[in-house]
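J.: Just dropping this structure here.
The values are calculated or read from the model by the stated rules, or taken from the named source; none is laboratory data. Keep in mind that what you see is a predicted model, and the values were worked out from it rather than measured. Positions of Cβ are backbone-derived with ideal geometry, glycine not excepted, and every protein chain shown enters the neighbour counts. Each accessible area value is taken on the protein alone, full model and side chains, heavy atoms only, with ligands, DNA and RNA left out. Shrake-Rupley method; radii C 1.70, N 1.55, O 1.52, S 1.80 Å.
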Amino acid sequence: MAYHSLPHVIQVTELHTEAECAYVLFVVAIFWLVEAMPLAITALIPALMFPLFGIMKASTVANSYFRDFHLLLIGIICLAASIEKWNLHKRIALRMVMLVGVNPEWLMLGFMVSSAFLSMWLSNTSTAAMVMPIVEAVVQQIISAEAEVEARERSNTNMNGNVNLGLELNEHTVENESDKWKFGERNGYNGEINPYPMNMAETVENDDPNLDEYYEKVPEVLPLPSVSTYDPDGKYRSRKDHLMCKGMSLCIAYASTIGGITTITGTSSNLIFAEQFNTRYPECHCINFGTWFIVIIPMMVIILIFSWIWLNWLFIGFNFNRMFKCGKQKSDKDIAAAQVIKDEYRKMGPISYEEIITLVIFVLMALLWFTREPGFIPGWSSLFPKYRGYATDSTPALMLGILFFIIPAKKTFSEKHNKKAYTPLITWKEFQSCMPWEIALLVGGGFALADGCEDSGLSVWIGSKLEPLGSLPTWVIILISSLMVTTVTEVASNPATITIFIPILAPLAEATHVNPLFILIPATLCTSYAFLLPVSNPPNAIAFGYGHLTVIDMVKAGLGVNIIGVAVTMLGVLTWAVPIYNLDSYPDWAPSVPSVNSTRIL
């Protein structure tokens, strides 16, 4: 009797282990979503609960918290710290904007391209924080220059005698009023312009006491600018200026996020996906810097262009005559705004020795990442056939990252010791200030959860429950998973979202006999599509903090960009990504799971 009941006992015990792992996963996911504790502290829960529940040994769980990802992150932070320390990112952004000009439509495109390029290599947050002050200065200069042009035109009109008697008798009043509207009367950096620079009654009375009867006619002759009716605080001169500020702020937030998806190292979500994927499928060597860049760069360009068109249509409005006025004379406000960019670039002086060294290392690191295993041609890793798979993207990142602590930045003279000394390009304190330790622990917690799901059998159990989805077309499965991820990432952090969904979606792909990349790549990209709310991601919060936007503005604009992102991602994954990753067949490196439906419509 005991022998007959033994399989039942084993089955109950195994199910009990799966339930305990599911409980830990549920607790961690809820804490990450509501941020009841700091994300890094929540990530330590598996290290505490897995040994207590008998799921994994404490030493085994501890090994999950430090992987190849962390070495890659260290190399990236060394590069980012040097770029930010020596203002190379600012030089790149200003140079790109100088190339496209200051026309509002092209200016927005220039800022978006520069932000997207920088976010490929820097964190999205650092990119937005760096570019937004430049955008704010340029926008306020455009508004001020436009006010000055209008004041000048008003002054010229009055000087030509096209006014009533009240102001014809005293041209000094008009001149004084015009002078007060010049750029020098702005009330600070935030662009506030005083709509009441001088009391008109006092002006008339001081110049000629006999003109009291003309006081009531002054508002008819020289009406106050539209700012008095549009914005009582005087922050914007017109609704047009307000909309331009909104569009420029949003374009930086969105471009910083869109550019980050282009490279494996561009955002933490991509890094988490790459590390967890390579850990789950060690026989697959298809996810690397080169192949990811080739697949994603067309998506990024298409999303960026359509987002630019959407924001232009929503906030600025396309003016094709203004956009393509080749050979025509530039307006005063265009000249003034261009001068701001040139002045900012001139203040940086000639490119420094430290910037040149950082730029050289930056280019070398990108080339080594791209050429390690590009996929379509043999990479430099093929030079070591005996040690295939030993070198990863962290290898060149560490090699070149260490150089930042070796190469001297500049020679200094120490009076205390009366000898020459040198300072490296970055110091350890500067590295520590840039190192995102929270992300490092968060990613470690995700690895621990993934390992726990495997050891406990929870992944297999989830896959068995998702088998009925195998009757659906593949594109429907991809769309459903992408929409789920996009929805959750609006209220949860991107790293937490991808960490939660990978252990769920990978078994789904295996159970439905679909190439795991077919589902995991769009899910990873959609994790970054958090455009709706200020709290969705840090770039949104930075743009919102400048005071031009409301939550409704972000929801209205972000919904369009979300739709664009999901649609383009579906297009890319179902077309040009298929031959590169062989997505139309179930790979040998994935577990052999019987297919529920072998005749599936893509």
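J.: Please go through the stretch 243-260 and pick out each residue that is more than 20 Å from Met435 (Cα to Cα) and open to solvent by less than 10 Å² (accessible area, probe 1.4 Å).
T.: Once the filter is applied, which keeps residues that are more than 20 Å from Met435 (Cα to Cα) and open to solvent by less than 10 Å² (accessible area, probe 1.4 Å), the stretch 243-260 yields Cys245, Gly247, Met248, Ser249, Leu250, Cys251, Ile252, Ala253, Tyr254, Ala255, Ile258, Gly259.
J.: Oh, and also: Among the residues of the stretch 458-473, is there at least one that is under 21 Å from Leu48 (Cβ atoms) and either touching a residue at least 60 places away in the same chain (Cβ under 8 Å) or of a type outside the set (Phe, Trp, Tyr) (or both)?
T.: Within the stretch 458-473 (the criterion being under 21 Å from Leu48 (Cβ atoms) and either touching a residue at least 60 places away in the same chain (Cβ under 8 Å) or of a type outside the set (Phe, Trp, Tyr) (or both)), the answer is yes, since at least one residue qualifies.
J.: Hey, another quick one. With respect to the numbered conditions (1) more than 21 Å from Phe277 (Cα to Cα); (2) open to solvent by 10 Å² or more (accessible area, probe 1.4 Å), which one is the sole condition not fulfilled by Ala543?
T.: Answer for Ala543: the failing condition is (2).
J.: Filter the stretch 92-116 down to the residues that are in contact (Cβ under 8 Å) with a residue 60 or more places away in the chain, open to solvent by 20 Å² or more (accessible area, probe 1.4 Å) and under 19 Å from the mean Cα position of the chain (by Cα), then identify the one that is farthest from Asp241 (Cα to Cα).
T.: That would be Val113.
J.: Inside the stretch 44-63, can you point out the residues that are open to solvent by 70 Å² or more (accessible area, probe 1.4 Å) and closer than 16 Å to Gly457 by Cα?
T.: Residues satisfying the conditions are Phe53, Lys57.
J.: Right, something else. Hey, can you tell me all the residues within the stretch 568-587 that are open to solvent by 60 Å² or more (accessible area, probe 1.4 Å) and either in contact with a Gly (Cβ under 7 Å, 6 or more places away or on another chain) or not in a loop (DSSP other than H, G, I, E, B) (or both)?
T.: Matches in the stretch 568-587: Leu571, Leu574, Pro579, Ile580.
J.: Which one of these does Cys434 not meet: (1) in contact (Cβ under 8 Å) with a residue 60 or more places away in the chain; (2) open to solvent by less than 30 Å² (accessible area, probe 1.4 Å)?
T.: (2)
J.: Also, quick follow-up: Out of the residues in the stretch 487-505 that are aliphatic (A, V, I, L, M) and more than 22 Å from Thr474 (Cα to Cα), which is modelled with the highest pLDDT?
T.: Ala496
J.: So Val443 clears everything in (1) modelled with pLDDT of 80 or more; (2) surrounded by 18 or more Cβ atoms within 10 Å (Cβ to Cβ); (3) touching a Lys or Arg at 6+ places or on another chain (Cβ under 9 Å) except one condition, right? Which one?
T.: (1)
J.: How many of the residues making up the stretch 353-398 are closer than 26 Å to Ile296 by Cα, without any contact (Cβ under 8 Å) to a residue 60 or more places away in the chain and assigned to a helix (DSSP H, G or I)?
T.: 9
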